[in-house]
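The values are calculated or read from the model by the stated rules, or taken from the named source; none is laboratory data. All of these numbers come straight from a predicted model, not from anything done at the bench. With ideal geometry, Cβ positions are generated from the backbone for all residues, glycine too; neighbour counts draw on all protein chains shown.
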Amino acid sequence: MNSTGSSGGSDSVSGGSASEAVTVPTGEPLAEIGVIGGSGFYAFLDDVTEITVDTPYGPPSDALFLGEVAGRRVAFLPRHGRGHHLTPARINYRANLWALRSVGVRQVLGPCAVGGLRPEYGPGTLLVPDQLVDRTRSRVGTYFDGETRPDGQRSRVVHVSLADPYCPAGRRVALDAARGRDWDAVDGGTMCVIEGPRFSTRAESRWHAAQGWSVVGMTGHPEAALARELELCYTSLALVTDLDAGAEAGEGVSHAEVLEVFGRNVGRLRDVLFDVVGRLPERRDCLCASALAGQDPGIALP
Ligand SMILES: [Zn+2]
């Protein structure tokens with residue numbers, strides 16, 4: 001773990017009501033694996049503890065929901081907040097990943113709904129991408145911008161490698177877990193991330209497909225990039241909910257269609273996710289863990 005720079009102090013973590021706020025000492029992990037997705041993934045766990053975490057970047061999308069899956073401690077974070085009130089562009093991605101790391105998370109799973117850009121990637125396809133293309137416009141995509149934070153700490157300007165944006169170990173486990181549930185997940189492909197919240201025009205969609213990209217989503221960036229900056233492993237599990245406008249002949253994507261397909265597959269995706277949690281390595285040998293090696297970001301990672 002990289003802990004260069006001045007001592008960062010601990011982030012405020014509180015359980016129960018705000019008046020009972022307790023500060024969790026650094027080095028006492030509450031979770032090891034993070035899942036950024038909807039409430040459908042943890043709503044059926046028997047024992048879930050809700051905690052609020054503040055960060056130097058503001059509050060995350062929602063509270064963290066701590067639970068145990070397959071003997072591993074997991075922190076669940078609803079990406080769009082409860083009730084889905086945050087658009088993809090308004091999600092505080094920096095706060096989300098910082099909050100997860102501050103409770104001890106080192107490996108992150110990012111399930112998301114995407115549109116298929118090829119006719120063979122119809123609704124219900126699960127794809128574990130190995131590349132992404134950023135087509136967003138208005139999101140803060142780095143912690144290392146050289147700016148001074150409200151707490152007075154100032155980052156340096158640091159450039160991390162994102163040549164391979166996803167954790168190779170996490171990808172392998174995700175593919176194995178899906179196949180173990182008779183879901184023949186697509187191994188690799190490029191996720192194009194658009195600004196949203198609107199869906200693509202047919203022309204945009206055909207252009208995305210013509211580039212050879214596989215699926216289109218709205219949240220995969222900067223989630224993956226920020227995870228890498230915090231030396232977190234990040235694995236995307238992309239559930240195709242619709243064929244994108246350029247890949248189908250009908251009326252184009254509707255939000256109702258996306259919700260319907262996601263609802264039909266959420267139980268299956270949860271089963272796969274929980275299997276992934278149980279199989280993720282306890283010790284990390286991947287390069288994600290040393291993304292900042294030899295570089296001083298100027299701020300202490302939580
Ligand atoms: Zn990794």
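Before moving on, here are some points about what is shown:
- Being of a type outside the set (S, T, N, Q), modelled with pLDDT of 85 or more and at negative phi holds for only one residue in LEU243, LEU259, and it is LEU243.
- So SER138, is it touching a helix residue (DSSP H, G or I) at 6+ places or on another chain (Cβ under 6 Å) and touching a residue at least 40 places away in the same chain (Cβ under 8 Å): yes
Yes/no per residue for (1) assigned to a loop (DSSP other than H, G, I, E, B); (2) closer than 22 Å to ALA31 by Cβ:
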{"residue": "VAL105", "(1), (2)": "yes, yes"}
{"residue": "LEU109", "(1), (2)": "no, yes"}
{"residue": "ALA113", "(1), (2)": "no, no"}
{"residue": "ALA163", "(1), (2)": "yes, no"}
{"residue": "ARG171", "(1), (2)": "no, yes"}
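- In the condition set (1) among the aliphatic types (A, V, I, L, M); (2) surrounded by 23 or more Cβ atoms within 10 Å (Cβ to Cβ); (3) closer than 30 Å to LEU292 by Cβ; (4) touching a residue at least 60 places away in the same chain (Cβ under 8 Å), ALA169 is compliant with all but (2).
- Cβ pairs under 8 Å, 6+ apart, first in the stretch 92-108 and farther than 17 Å from ARG228 by Cβ, second among the basic types (Lys, Arg) and surrounded by fewer than 23 Cβ atoms within 10 Å (Cβ to Cβ): GLY104/ARG73
- Residue within the stretch 26-39 that is closer than 19 Å to ASP151 by Cβ and modelled with pLDDT under 60 present: yes
- The set of residues in the stretch 134-161 that are assigned to a loop (DSSP other than H, G, I, E, B) and hydrophobic (A, V, I, L, M, F, W, C) comprises VAL140, PHE144, VAL158, VAL160.
- Here is the figure for the stretch 288-300: residues that are buried (at least 17 other Cβ atoms within 10 Å of the Cβ) and either free of Cβ contacts under 8 Å to residues at least 40 places away in the same chain or under 18 Å from the mean Cα position of the chain (by Cα) (or both) total 3.
- Among the candidates LEU280, LEU273, residue that is in contact with a Pro (Cβ under 9 Å, 6 or more places away or on another chain), under 27 Å from SER39 (Cα atoms) and not acidic (Asp, Glu): LEU273
- Any chance PRO123 is out of contact with any strand residue (DSSP E or B) (no Cβ under 7 Å at 6 or more places or on another chain) and either within 19 Å of THR241 (Cβ to Cβ) or surrounded by fewer than 23 Cβ atoms within 10 Å (Cβ to Cβ) (or both): no
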